[in-house]
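See below for the structure under consideration.
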Amino acid sequence: MTNERPTPPGVTEAGLDEALHAFAEAIGAEKVTTDPEVLAEFQDPYQVPGTAENLASAVVSPRSTEDVQAIVRLANEHRIPLWPIGRGKNNGYGGAAPQVRGTVMLSFKEMNQVLEINEELGYAMVEPGVSWIDLHAAIKEGGHDLVASIVDVGWGGVVSNTLDHGLTYMPYSIDQASHCGFEVVLPDGDLIRTGNGAMDDNPTWPLYKRGLGPTSTEMFMQSNFGIVTKMGYWLMPKPEVYMPLWLKLWDDSQLPAVIDALRELMLAGVIDMRPQLSNTLIMASMLTTRAEWYDGPGQMPDEIIQKIAEEMQLGRWMMRFALYGDEAVVDHNYARLRARFLEIPTVEIIGAKYGADEWETLPNPHEQIMIGVPNIDLYKMASWSGGEEGGHVDFSPVIPLTSRHAAEAQKLMEEMCAEVGIDYLGGLLPINARSTTFINVIPFDTKNAEQVDNAYAAAKKMVARAGKMGYGEYRAHLSFMDLAADQFGFNDHAQRRFNERIKDTLDPNGIIAPGKSGIWGSRLREEGFPKQ
């Protein structure tokens, strides 16, 4: 690792200083910093301390769309790459670190306003620095009879999580259906609004996902074609009854049968939300630490896992899910799903119904999350190995929601974890009734360089092996974005070539988030990126 000041590719220290001075002149010196303590927040938090290479050179913190436009125009003039960050909490995928050393971070922590909540039509308009906790607070403070579909750890950003195809859990989470309407600063500083936002004063901008002609909204998801500065987010009316449910499976071999039953029930609309299936060790990681059960080398023995399953009453797999709506409908759907799941040997179903006045005080953080009440309790998962210095890297391919594919993916994960002596923390989060992510959380102690290297190497091998099976990542860690993109090889990587043509047209200087999702502009491609 070099101790030199990080500078962008092709930019001298003097050139960087000139650009930072220009940023400060344009938006205010208080919004631009090179303070080492601030810069330290923009690193992968799960790397071995002191080894980070993906270092930022500065942080700029706009407070308006106009600030963003000014920054982008100056970045083009000075050839300074920018890495937009909403909250910087996507820790299992690289956190707030940039892909390219010397990049200037565009932090949206100061653009954190919930601009509008419309109860009649059920939506919010938010800036990119708004967290799930912020959105929930605004709904509650406004006395709105609405709830937002949220993520597991509430400190993350609503916009950034949505743009990265992040998973939430309530009915509008299916196929990431909650977003509607983006305001976007393009790489040349121009401003557009997607869908019907392209029309002045069109009231359906946050209500109708399309417009006239091609729909551009999805172009700005997981891409580096622009910077989203406002986003519409659909909110759900509070249901009469909320029924959080838990399925416990005690026989690991019956997981494929559970998957088939789940697909049938989701296709039929009996389960209309995103369930979360987790094996024993994922559930245990949210409640306890590895060292409390086993401190030996290599993979945790199965007899210890069984002990955890029994003593904590977790089963070998546990699924959290929920029903929402009028009580008669909830009762009907509960009877249907219970009958179907209990056809499977060793399955248990438990749950209870709650009214709207009881949700905020539910003691179980999982059950809070499924009704839109954010918390940060589940962040404990990162402490499974290494305690407070624990970390993890995640590998998350998308597979068909069938028993055959679930069995194949589970076999791949189990075998690869066993090969390198890593605990198998596996889970499934259906994207819709037909497909699911199969998540493998690879834990490590950040103080143990060998463990960290082993974990990242294992994840990269998983990406390549799963790719050969036709399973591609739904989002990728910074350290293997290019490898993940390389798996999408149809017709000599036609999709990547298409993305590069768009990038080179919109962003010829490669200013916005170079390397995001494996998309590089021509300037950096000519300079040898992606680096092998």
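Each 5 Å bin, from zero up to the one with the longest distance, holds this percent of the alpha carbon pairs of the stretch 1-132: 2, 10, 20, 22, 18, 13, 8, 4, 2, 1, 0, 0. Remark: accessible surface ordering of LEU55, LEU212 (largest first) is LEU212, LEU55, probe radius 1.4 Å. For the chain, the relative contact order is 16 percent, taking Cα pairs closer than 8 Å that sit 6 or more residues apart in sequence and dividing their mean separation by the residue count. Above 14 Å, the calculated P(r) of the stretch 471-532 contains 54 percent of its Cα-Cα pairs.
Around ASN161, with a cut-off of 12 angstrom between Cβ atoms, what is the net charge of the other residues, counting Lys and Arg +1 and Asp and Glu -1? Cβ neighbours under 12 Å give a net charge of +1. The label point for THR289 and the one for GLU25, both projected 7 Å from the Cα toward the Cβ, are 5.2 nm apart.
Between the amide H of ALA58 and those of MET105, distances stay under 5 Å, these residues lying 5 or more places away or on another chain, with hydrogens modeled in the peptide plane.
Shape summary of the chain, radius of gyration then Dmax from alpha carbon positions: 23.1, 70 Å.
Compare the Cα positions of MET273, MET219, GLY232 along the charge dipole of the stretch 216-281 (+1 at Cβ of Lys, Arg; -1 at Cβ of Asp, Glu; about the Cα centre) and return the one farthest towards the positive end. Of the options given, the answer is GLY232. Among the trypsin sites (Lys or Arg not before Pro) in the stretch 165-261, those placed in a DSSP loop whose Cβ has at most 16 other Cβ atoms within 10 Å are ARG210.
For GLN113, what charge total do you get from the other residues with a beta carbon under 11 Å from its beta carbon, if Lys and Arg give +1 and Asp and Glu give -1?
On the way: positive: ARG63, LYS230; negative: GLU110, GLU116, GLU127, ASP134.
Every neighbour counted, the sum reads -2.
Of the trypsin sites (Lys or Arg not before Pro) found in the stretch 384-440, those that fall in a DSSP loop while having at most 14 other beta-carbon atoms within 10 Å are ARG434. For a quick check of your reading of the filter: which GluC sites (Glu not before Pro) in the stretch 43-128 sit in a DSSP loop and have no more than 13 other Cβ atoms within 10 Å? Listed in order of number, the matching sites are GLU53, GLU120. Size descriptors for the stretch 348-460: radius of gyration and Dmax over Cα atoms are 17.0, 50 Å. With the Kirkwood sum run over all distinct C-alpha pairs, the stretch 194-322 has a hydrodynamic radius of 19.1 Å. Candidate cross-link partners of LYS353 among the aspartates and glutamates, defined by an alpha-carbon separation under 20 Å and a same-chain spacing of 8 or more, comprise ASP145, GLU240, ASP272, ASP326, GLU327, ASP331, GLU367.
Here the simple spin-label model places points 7 Å from the Cα toward Cβ, and for ALA494 and ALA464 these points are separated by 2.7 nm.
Taking the accessible area of the chain, probe 1.4 Å, and keeping the other protein chains in place, the carbon and sulfur fraction comes to 50%. Tell me which DSSP H helices of the chain clear both cut-offs, 15 Å or more of axial length from alpha-carbon atoms and a mean Kyte-Doolittle hydropathy of at least -1.0. Those that pass (Cα extent of 15 Å or more, hydropathy at least -1.0) are 13-27, 65-78, 255-267, 327-341, 403-420, 449-468.
Computed from point charges on the beta carbon alone (+1 for Lys and Arg, -1 for Asp and Glu), the dipole magnitude for the chain about its Cα centre is near 1300 Debye.
Based on protein heavy atoms only, the stretch 9-48 ends up with 53 Å² per residue of surface accessible to a 1.4 Å probe. Applying a threshold of 29 Å to the alpha-carbon distances of LYS209/LYS503; LYS31/LYS238; LYS31/LYS380; LYS230/LYS503 flags LYS31/LYS238; LYS31/LYS380 as lying beyond it. Each residue of the stretch 219-225 was assigned a 3J(HN,Hα) from its phi angle through the Karplus curve 6.51 cos²θ - 1.76 cosθ + 1.60 (θ = phi - 60°); the sequence is 4, 9, 8, 6, 10, 10, 8 Hz, with glycine and proline shown as x.
If you add up the charges near GLU388, with Lys and Arg at +1 and Asp and Glu at -1, over every other residue whose beta carbon is less than 14 angstrom from its beta carbon, what do you get? Summing Lys/Arg as +1 and Asp/Glu as -1 gives +1. Using r as the Cβ-Cβ distance of LYS140 and GLU450, and R0 as 41 Å, what FRET efficiency do you calculate, to the nearest 0.05? Approximately 0.30, to the nearest 0.05. For the stretch 211-263, taking Cα atoms only, Rg and Dmax work out to 20.2, 52 Å respectively.
The values are calculated or read from the model by the stated rules, or taken from the named source; none is laboratory data. These figures come from a predicted structure and were not determined experimentally. A quick note on method: Cβ atoms are made from the backbone with ideal geometry, for glycine too, and the neighbour counts reach across all protein chains shown. All accessible areas refer to the heavy atoms of the entire protein, side chains included, with ligands and DNA or RNA removed. Shrake-Rupley method; radii C 1.70, N 1.55, O 1.52, S 1.80 Å.
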